Amino acid sequence: AQCWIWRFATVASRVCASQAHMLKVMRSGTSVTPGVTLANDQSSEPLCVSWTGHDGVFARRAANDSAEHPLRMRPLPSMARTEHIHGPVLLVNCWRQYRHRTNPSHLMHGLGSLIAAAVIKDVVPRNITTVLLHQCPAIEHWPLAAAIWKMVRAAALEQQLFTASTRVLTLSPVDRNVSFASVPGRFLCARELFVQKQAGYWLECRQPILTLWRAHLDGWLAAHRLAADKRPTRAVVWQRPEVQEGGASAYWAPRRIVNIDRVIQLFEPPAVVVSASEKMSAVQQVALFRSFGVVISIHGSHLTGLLFAPPHIVAVEVQSVLSDLTFFKNGQCLVRRYVLSVGHTPQHPLTCDISRSRNVIEFERSKEGARSMRCRLKHKNANLVVNATILRRDLGLSCSMCRYRTGAA
C-alpha cells in the first residue's frame with residue numbers, strides 16, 4: 001500500500017486500566033486506496049497534534065510508539081496547553097516543512113492527500129470541520145501553492161469532503177530555528193482525528209484520483225485561458241539557478257548541469273534552457289510546463305510541475321547513480337514516459353562509493369544502512385557532467401518525437 005489511512009476515533013467512554021490506549025490495527029476495506037486503520041477503542045480522551053514541528057500524534061497516557069507507522073503515537077506532556085476541536089478533523093502531512101519554505105513536492109505530499117481523501121468516501125468521513133496542514137508551508141503568500149489549493153479545495157467541496165465552513169489550519173514552525181525533534185507547549189486535540197498520509201506521492205497512481213485532479217486542473221486552465229490540450233514539440237533543459245531564494249534568505253543551490261551547452265546541442269533545433277522561481281506567477285509556471293515536449297533535468301522539486309504538463313510529454317531525469325525515486329514514481333503516472341538516465345559524472349569526485357545499478361526494482365527492494373544513504377544524498381546533490389552518449393541512448397528508447405543534431409557527441 002502506498003497511501004496510509006489512519007483513523008483515531010473514540011468509540012467507548014470508559015478507560016480500561018490494563019488496556020488503555022492499546023491500538024488495534026486492521027486493514028481498511030476500501031477498494032479505492034488500500035491502507036491501515038487504527039482505532040483507539042479504549043479511551044474517550046482526544047488525541048493531539050503539536051502546533052510546531054514534532055512528528056508524533058499525542059495521547060494522554062502511554063501510547064504505541066511503533067516506528068512502522070508514518071506518524072508515531074507519543075505520550076502527551078503533562079504540562080501541555082491544549083485547544084480542543086469539535087467534529088471530524090482531517091490531518092495531512094507535508095513532512096518537515098517550515099511556513100516559509102516553497103518546496104512544491106513536499107506541498108503536494110500534503111495537498112495531494114486531500115485529493116485522495118475526497119475520493120475515499122467509505123473511509124474518510126464527509127463534512128470535515130477542520131483540516132490540519134501538519135508541517136506544511138503557508139500557502140497565502142506563495143502564488144503556485146495558492147493556485148493548487150484553489151483546485152484542491154474545489155475538488156474537496158465537490159466530493160463533500162469539505163463544507164463552506166471547513167477551517168484550515170497550518171501547523172508548522174515559522175522558521176528553521178525550531179527543531180522538529182523538540183516538543184512544543186501547545187497542542188490541538190480532537191476526539192475524531194483522521195490522518196491521511198501518502199509518503200513520497202503527490203497523487204496516488206489510481207484513476208479516480210487522477211481523474212478528479214485533471215478535471216479541476218482543466219477548469220483552472222480554462223479560467224486562465226491556458227489551452228488544455230497543447231501538443232508542444234520543443235525540447236528544454238532545466239537548469240537551476242546557482243543561488244536560490246528560500247524564505248527570507250538566499251542560499252547556494254547544487255544540482256546543476258555543468259556541460260549544459262553540450263546537452264543543448266543534442267537537439268535540432270537546439271534545446272532551450274528554462275528555469276522557474278517562486279516569484280513567478282502561478283500562470284507563468286503552469287504555462288512553462290505546458291510549453292515543451294521533452295524536458296531534461298537533474299533531480300529537483302521543480303519536477304512537481306509535471307502535474308500541470310500535458311500527458312503526452314517525455315521527462316528525463318539525469319542522476320549519477322540511482323539515489324532517489326520520488327519523481328520517477330510520481331512522473332510515470334503523469335506523463336507518457338518518465339526516464340531515469342543513470343551513469344552521469346559528478347562535477348567533483350565523491351569520496352564514497354555505492355552500487356551503480358540501473359535496476360529500479362533492485363534499488364527499491366534494497367535495505368540500505370545510514371552510510372549508504374548519506375552517500376546517495378551526496379550523489380543526489382552533486383552538480384553533474386552529463387554523458388551525451390548515455391543521454392542519447394536513453395532518449396532514443398523513449399522519445400519518437402526527438403530529432404538529434406547531426407554530429408552531436
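The values are calculated or read from the model by the stated rules, or taken from the named source; none is laboratory data. All values reported here derive from a predicted model rather than from experimental measurement. Cβ atoms come from the backbone with ideal geometry, glycine included; neighbour counts cover every protein chain shown. Keep in mind that these areas ignore ligands, DNA and RNA; they rest on the heavy atoms of the full protein, side chains included. Shrake-Rupley method; radii C 1.70, N 1.55, O 1.52, S 1.80 Å.
Which ones in region 291-311 are more than 25 Å from Ala388 (Cβ to Cβ), open to solvent by 10 Å² or more (accessible area, probe 1.4 Å) and in a loop (DSSP other than H, G, I, E, B)?
Passing the criteria: only Pro311.
Within region 147-170, work out how many residues are within 17 Å of the chain's Cα centre (by Cα) and at pLDDT below 95.
Going through region 147-170 one residue at a time, the tally reaches 1.
Output yes when any residue across region 142-157 is more than 24 Å from Leu303 (Cβ to Cβ), open to solvent by less than 10 Å² (accessible area, probe 1.4 Å) and not assigned by the TED database to the domain that holds Met280, and no when none is.
Looking through region 142-157, at least one residue is more than 24 Å from Leu303 (Cβ to Cβ), open to solvent by less than 10 Å² (accessible area, probe 1.4 Å) and not assigned by the TED database to the domain that holds Met280.
Take the residues in region 257-274 that are farther than 16 Å from Ser341 by Cβ and touching a residue at least 60 places away in the same chain (Cβ under 8 Å), then tell me which one is surrounded by the fewest Cβ atoms within 10 Å (Cβ to Cβ).
Glu268
Against the definition (among the β-branched types (Val, Ile, Thr), in a loop (DSSP other than H, G, I, E, B) and surrounded by fewer than 18 Cβ atoms within 10 Å (Cβ to Cβ)), how does Val168 come out, yes or no? Please lay out each step first, then the result.
Working: among the β-branched types (Val, Ile, Thr): yes; in a loop (DSSP other than H, G, I, E, B): no; surrounded by fewer than 18 Cβ atoms within 10 Å (Cβ to Cβ): yes.
No, not satisfied.
With the condition kept exactly as written, say whether any residue in region 196-207 is in contact (Cβ under 8 Å) with a residue 40 or more places away in the chain, under 20 Å from His302 (Cα atoms), assigned to a loop (DSSP other than H, G, I, E, B) and open to solvent by 40 Å² or more (accessible area, probe 1.4 Å). Talk me through it step by step, then tell me what you get.
Within region 196-207, the first condition is being in contact (Cβ under 8 Å) with a residue 40 or more places away in the chain, and the residues that meet it are 196-206.
Restricting the remaining residues to those that are under 20 Å from His302 (Cα atoms) gives 198-205.
Narrowing the set further to residues that are assigned to a loop (DSSP other than H, G, I, E, B) leaves 198-205.
Those left that are additionally open to solvent by 40 Å² or more (accessible area, probe 1.4 Å): 199, 205.
Taking every residue of region 196-207 in turn, at least one turns out to be in contact (Cβ under 8 Å) with a residue 40 or more places away in the chain, under 20 Å from His302 (Cα atoms), assigned to a loop (DSSP other than H, G, I, E, B) and open to solvent by 40 Å² or more (accessible area, probe 1.4 Å).
Answer yes or no as to whether Val339 is in contact with a helix residue (DSSP H, G or I) (Cβ under 6 Å, 6 or more places away or on another chain) and open to solvent by 10 Å² or more (accessible area, probe 1.4 Å). Walk me through it before giving the result.
Numbers: in contact with a helix residue (DSSP H, G or I) (Cβ under 6 Å, 6 or more places away or on another chain): yes; open to solvent by 10 Å² or more (accessible area, probe 1.4 Å): yes.
It is true that Val339 is in contact with a helix residue (DSSP H, G or I) (Cβ under 6 Å, 6 or more places away or on another chain) and open to solvent by 10 Å² or more (accessible area, probe 1.4 Å).
Of the residues Asn103, Asn177, Asn127, which is without any contact (Cβ under 8 Å) to a residue 12 or more places away in the chain and not assigned by the TED database to the domain that holds Leu288? Steps first, answer last, please.
Values: Asn103 fails: without any contact (Cβ under 8 Å) to a residue 12 or more places away in the chain; Asn127 fails: without any contact (Cβ under 8 Å) to a residue 12 or more places away in the chain.
On inspection, the qualifying residue turns out to be Asn177.
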